Every structure is written in C-alpha cells, then in structure tokens.
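Novice: The structure under discussion is supplied below as structure tokens; questions concerning it will follow.
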Amino acid sequence: MAVEGVSWVPRLTRVLERVQHTADTVSLKLDLSLNHQPGQFVQVSVPGVGEIPLSVASFPGDRLMITFRRVGRVTAALYGLGVGDSIGVRGPFGRGFPLEGGDVLLVAGGMGLPPIRSALGSILRERDRFGTVQLLYGARRPSLLLYREEYDAWRRGDVVVSLIVDEAEDGWRGRVGVVTELFDELEVGSDATVLVCGPEIMMKFVGRGLLKMGFDPKRIYMSMERHMKCGVGLCGHCNIGPYYVCRDGPVFDFETLRNIPESGVI
C-alpha cells in the first residue's frame, strides 16, 4: 500500500474492494492511502474514458475510498470496475472541514454523506476532543441511505444518528420529510461547529434554518460541488464569485457563501 501526499498527475492504483450500496451507487476501496483532510476531493480517472472529481469518503490514513452514483460516462466506467482493476488518482485537493473540537453537528443529504463520513471518522478517532456529536441525514427513500451497515458503530461511538426520508418504503418506521425537520431533535447548542454537504437547495434551507436558531454563519461549513476539472484553480470551470471551488473550497463557511449569489445557497 502506498501512502502519498498531494499528486498533480494521476497515479495508477488497484481496486481492492467493491461495495454495492444501491442499484446505481457503489464504493471502491483502493490500494492507496492519502494524507487528506475530511472534505477534500480527488480527481479520479479511467484510462481512455475521462476524469471526474469525487469526495474522499474514507477515514484519514485508511485506504482511499470513493463513493459515487452512476450518472455519466466516467461514473459508468467506474461502476463497471471490479477488484484488481486499475484507475488513476490525483490529489487530494482543496480545503476541508475544520475539526477543532467541541460540539459538532453534521448534516448530509443524499450523496452528500461521503465527505461527512470522512469527517465522522476523524471525530471518532479523537472522540475525547469532542463533545456532543450529532448526524442528521436525509435521503429520498430508505433504500437509498448510504453506509447503513455503519450506523450502529457510529452510535456506539457516542454519535447521535437521526435519519429521515422523503418517501417511506415497506418496513420504514422512521421519520418522513426533509432533513431540516430533524432540527426539532437537535442535541447540540448554537455554539456547535456545523458541517454540511448535500444538494444546494438542501444546504440553502439548512443554512437559513440554523441562522434562525442562532448558529454563527462563520461556524457553518458547507461543501460545494462544481465541475472541478483541473483541481488547482487554473481552468476556471468551478469559479463562484471571486473564488475557485477546487482551490478555495470545496468547503466554505456560510458567511462567505451567503454573500455570493452564484453559490446557490442564499
């Protein structure tokens, strides 16, 4: 297993494990460990097909894991890979989530859970540095919830896990609605650090709701998704206002984002 820092050119690495989460969503664990911060991303390439940015889902120091949904040409090629196949990886790039201790609220929607999982892994490894830790996670349907086999381990790590879905399915006994409806279950105070990742419309209402509850916008950190083609702020594809998401983000505080109309979260 190779342990690497930042790489500007793709490094070939092998798939060690493939985990099927839903009908179109998988995780690939790779034979590579990066010195990454939770919230950073990597550029993943399939030779002869193309390259895309993906959040790092693994815990820092572990073998790199990426989680993705089959939605385009590159993700379709990645979806078709099996154990032993090779892919290219550049990175890690960008700025991650700050994890300074104290109470932490993590809010994720749909495919926004992978970088939040990485942050949660860092928290669990230094659990005594943190106070109350709570995860609010929403998905369209129960069958689309990611990492379901890990929730009990997170709870054993003294993490409050609150789930909600847009539409119930047979056997679902949990809550139905949008993730902001879980605010009535909050066990953290308004001085908590908040980490958010999900669709922009979800993050917009999460930010607005937390502001109404007295949370500091400078302590609400959101992970933005843009087409980060180069990863180093040169191509200009991912700019929002005066910032490049790949270089200045993908994690920004809400105070910064709510002053940028192009962010989509105001």
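The values are calculated or read from the model by the stated rules, or taken from the named source; none is laboratory data. Keep in mind the model is a prediction, meaning the values are calculated, not measured. Please note: Cβ atoms are built from the backbone with ideal geometry, for glycine as well, and neighbour counts cover all protein chains shown.
Novice: Being at pLDDT 90 or above, part of a loop (DSSP other than H, G, I, E, B) and over 22 Å from Phe130 (Cα atoms) is true for just one of Arg173, Arg208, Arg226, Arg247. Which residue is that? If you could, list the steps in order and put the result at the bottom.
Specialist: Working: Arg208 fails: part of a loop (DSSP other than H, G, I, E, B); Arg226 fails: at pLDDT 90 or above; Arg247 fails: part of a loop (DSSP other than H, G, I, E, B).
After ruling out the rest, the residue left standing is Arg173.
Novice: If you don't mind, there's one more thing I want to ask. Output the helices (runs of 4 or more DSSP H) that fall wholly within the range 65-157 and possess 2 or more residues being among the β-branched types (Val, Ile, Thr), or say none.
Specialist: Numbers: elements: 73-79, 113-125, 151-156.
Passing ranges, in order: 73-79, 113-125.
Novice: If you don't mind, there's one more thing I want to ask. Does any residue of the range 169-189 turn out to be within 25 Å of Val26 (Cα to Cα), in the same structural domain as Ser223 (by TED's automatic domain parsing), touching a Lys or Arg at 6+ places or on another chain (Cβ under 6 Å) and surrounded by fewer than 17 Cβ atoms within 10 Å (Cβ to Cβ)?
Specialist: Looking for residues that are within 25 Å of Val26 (Cα to Cα), in the same structural domain as Ser223 (by TED's automatic domain parsing), touching a Lys or Arg at 6+ places or on another chain (Cβ under 6 Å) and surrounded by fewer than 17 Cβ atoms within 10 Å (Cβ to Cβ), one finds at least one in the range 169-189, hence yes.
Novice: Say we look at the range 38-61 and pick out the residues that are modelled with pLDDT of 95 or more and part of a loop (DSSP other than H, G, I, E, B); which of these is nearest to Ser86 (Cα to Cα)?
Specialist: Applying the filter and picking the extreme gives Val49.
Novice: For Asp216, are the conditions met, namely being among the charged types (D, E, K, R), within 30 Å of Asp128 (Cβ to Cβ), at pLDDT 95 or above and surrounded by fewer than 18 Cβ atoms within 10 Å (Cβ to Cβ)? Talk me through it step by step, then tell me what you get.
Specialist: On the way: among the charged types (D, E, K, R): yes; within 30 Å of Asp128 (Cβ to Cβ): yes; at pLDDT 95 or above: yes; surrounded by fewer than 18 Cβ atoms within 10 Å (Cβ to Cβ): yes.
For Asp216, the condition - among the charged types (D, E, K, R), within 30 Å of Asp128 (Cβ to Cβ), at pLDDT 95 or above and surrounded by fewer than 18 Cβ atoms within 10 Å (Cβ to Cβ) - is met.
Novice: So which residues in the range 48-82 are of a type in the set (A, V, I, L, M) and in contact with a helix residue (DSSP H, G or I) (Cβ under 9 Å, 6 or more places away or on another chain), if there are any at all? Full working, then the answer.
Specialist: We begin by selecting, within the range 48-82, every residue of a type in the set (A, V, I, L, M); these are 49, 52, 54, 56-57, 64-66, 71, 74, 76-78, 81.
Answer for the range 48-82, where residues must be of a type in the set (A, V, I, L, M) and in contact with a helix residue (DSSP H, G or I) (Cβ under 9 Å, 6 or more places away or on another chain): Val49, Ile52, Leu54, Val56, Ala57, Met65, Ile66.
Novice: Same structure again: Enumerate the pairs (first residue in the range 41-57 and at negative phi; second residue anywhere and part of a strand (DSSP E or B) and among the charged types (D, E, K, R)) with beta-carbon separation below 7 Å, excluding pairs fewer than 6 apart on the same chain, so at least 6 apart or on different chains.
Specialist: Pairs that qualify, where the first residue is at negative phi and the partner is part of a strand (DSSP E or B) and among the charged types (D, E, K, R), are Val42/Arg90; Gln43/Glu51; Gln43/Arg90; Val44/Glu51; Ser45/Glu51.
Novice: Being at positive phi and over 17 Å from the mean Cα position of the chain (by Cα) is the filter here; which residues of the range 59-117 pass it?
Specialist: From the range 59-117, those at positive phi are 61, 84, 91, 94, 101-102, 110; that's our starting set.
Gly84, Gly101, Gly102, listed by residue number.
Novice: Return the residues of the range 190-205 that are assigned to a helix (DSSP H, G or I) and surrounded by fewer than 24 Cβ atoms within 10 Å (Cβ to Cβ); say none if nothing qualifies.
Specialist: Glu200, Ile201, Met202, Lys204, Phe205
Novice: Here's something else I'd like to know. Checking the conditions here, which among Ser33, Ser27 is at pLDDT below 95, part of a strand (DSSP E or B), within 19 Å of Val83 (Cβ to Cβ) and not hydrophobic (A, V, I, L, M, F, W, C)? If you could, list the steps in order and put the result at the bottom.
Specialist: On the way: Ser27 fails: at pLDDT below 95.
Only one candidate qualifies: Ser33.
Novice: Suppose we keep only residues that are surrounded by 17 or more Cβ atoms within 10 Å (Cβ to Cβ) and of a type in the set (Ser, Thr, Tyr) within the range 105-149. Which one would you say is farthest from Met222 (Cα to Cα)?
Specialist: The residue in question is Tyr147.
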